[in-house]
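My structure is below; once you've seen it, I'll send some questions.
Just so it is clear, none of the values below were taken in a lab; they were calculated from the coordinates. Note that the structure is a prediction, hence the values are computed from the model and not measured. Here the Cβ positions follow ideal geometry from the backbone for every residue, glycine too, while neighbour counts run over all protein chains shown.
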Amino acid sequence: MITYRNDLWFNINKRRGLINITEAVQQAVRESGVKEGLVLVNAMHITASVFINDDESGLHPDYDVGLEKLAPERPYSLHKHNGYEDNADANLKRTVMGREVMCAITDGKLDFGPREQIFYYELDGKREKRALIKIIGE
């Protein structure tokens with residue numbers, strides 16, 4: 001069995017941002033040498049998310065609009081967590097969007113359904129953060 005680990009580093013210069021990381025994950029699969037197995041990709045910070053969806057430009061702003069309705073950033077006084085930090089909304093949004101994805105690797109490639117892509121979603125940016133890639137297989 002082969003195991004492989006890699007980190008993807010991000011520094012988004014605004015509060016929220018979305019990055020398609022599919023090719024970076026596929027590159028890690030190639031580097032691992034795994035032909036059949038699984039890849040786990042997870043955000044290593046509680047105010048970021050990794051998820052799978054369509055890379056459709058109209059859908060991207062819908063995430064922000066929908067999440068803002070569920071967990072508005074302002075007023076900061078709305079959230080009991082806010083005090084030392086002002087990111088309670090980002091913690092709540094991450095709970096909705098999820099922490100990680102797992103994907104099958106078949107014949108050395110990510111085994112996706114039609115139009116599926118992997119995204120890193122920063123919910124409280126302006127500092128360095130990372131996502132973990134862990135691959136196991138043969």
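For Asp107 and Gln27, what does the FRET efficiency come to when R0 = 22 Å and r is the distance between their Cβ atoms, rounded to the nearest 0.05? Don't jump to the answer; show the numbers that get you there.
Numbers: r = 16 Å, r/R0 = 0.73.
Once rounded, the FRET efficiency stands at 0.85.
Continuing with this model, one more query. I need the peptides 98-106, 62-70 ranked by packing, meaning the mean over residues of other C-beta atoms within 10 angstrom, with the highest value on top.
The packing order, highest mean first, is 98-106, 62-70.
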